[in-house]
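The values are calculated or read from the model by the stated rules, or taken from the named source; none is laboratory data. The shown structure was predicted, so the numbers you read here are calculated from the model rather than taken from an experiment. Every residue, glycine among them, receives a Cβ derived from its backbone with ideal geometry; neighbour counts consider all protein chains shown.
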Amino acid sequence: MVRAIAYLMVILMASLSAEAAGKTAHNFTFTSIDGGPLPLSDFKGKAILVVNTASECGYTPQYKDLQALWQRYRDRGLVVVGVPSNDFGGQEPGTEAEIKRFCERQYAVDFPLTAKEHVTGQDAHPFYRWAAEVAGEAAGPRWNFHKYLVGPDGALAAWFPTKTSPTAAEVTAAVEDALP
């Protein structure tokens with residue numbers, strides 16, 4: 001099974017389009033929830049967990065686990081980046097100020113948050129389009145709280161679907177493997 005997965009990964013990596021080839025997550029910049037630039041290149045040498053979030057979703061309590069993961073690993077080189085998105089079920093209708101206030105008050109979130117972004121389709125933020133090219137469409141967000149793990153070199157290291165808790169064993173194992 002492990003060999004089959006490794007083989008599929010080799011095939012996947014070999015089939016990268018010319019656009020995705022040579023790029024890393026460090027090539028992309030988000031806008032922070034406060035309006036300034038949030039370049040992922042600021043996190044070179046660190047592992048980055050990029051998660052599309054929503055305030056009115058059944059999975060919104062994952063903010064608590066994201067904060068716990070951030071607190072557990074930030075001193076060892078993990079950065080959690082929350083990307084609010086209204087793409088699924090209209091579950092992130094608020095403004096950036098409302099989203100930030102909600103996250104701070106309800107979950108004591110202090111990891112970086114971006115401005116609201118599209119994470120699917122033609123209007124998806126370039127990071128999400130790149131991740132889909134690298135990992136394949138099947139690895140794209142299907143709902144809120146989809147997780148991409150980026151290694152210290154900017155390469156996509158893993159992805160986890162919505163239902164996988166940020167503190168699940170497979171996530172923490174992947175984070176530990178990706179830490180610098």
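The residue pairs whose first member lies in the stretch 53-66 and is more than 9 Å from S165 (Cα to Cα), whose second member is of a type in the set (D, E) and surrounded by fewer than 20 Cβ atoms within 10 Å (Cβ to Cβ), and whose beta carbons are closer than 9 Å, counting only pairs six or more residues apart or on different chains, are S55/E98. Say whether the condition of being part of a strand (DSSP E or B), under 12 Å from the mean Cα position of the chain (by Cα) and of a type outside the set (A, V, I, L, M, F, W, C) is met by at least one residue in the stretch 97-119. Yes: one or more hits. Here the condition is being surrounded by fewer than 20 Cβ atoms within 10 Å (Cβ to Cβ), at pLDDT below 95 and either out of contact with any helix residue (DSSP H, G or I) (no Cβ under 9 Å at 6 or more places or on another chain) or polar (S, T, N, Q) (or both); of Q106, Q122, it holds for Q122 alone. Candidates in the stretch 48-93 are the residues that are under 23 Å from R142 (Cα atoms) and among the small types (G, A, S); of these, the one that is surrounded by the most Cβ atoms within 10 Å (Cβ to Cβ) is A54. Listed by first and then second residue, the pairs linking a residue in the stretch 152-168 that is at negative phi to a residue that is modelled with pLDDT under 95 and in a loop (DSSP other than H, G, I, E, B), with Cβ atoms under 8 Å apart and 6 or more places separating them unless they lie on different chains, are P152/P180.
Only a single criterion out of (1) within 25 Å of D123 (Cα to Cα); (2) more than 15 Å from the chain's Cα centre (by Cα) is not satisfied by G82, namely (2).
Considering only the stretch 28-79, how many residues are among the β-branched types (V, I, T) and within 12 Å of the chain's Cα centre (by Cα)? The qualifying residues number 5.
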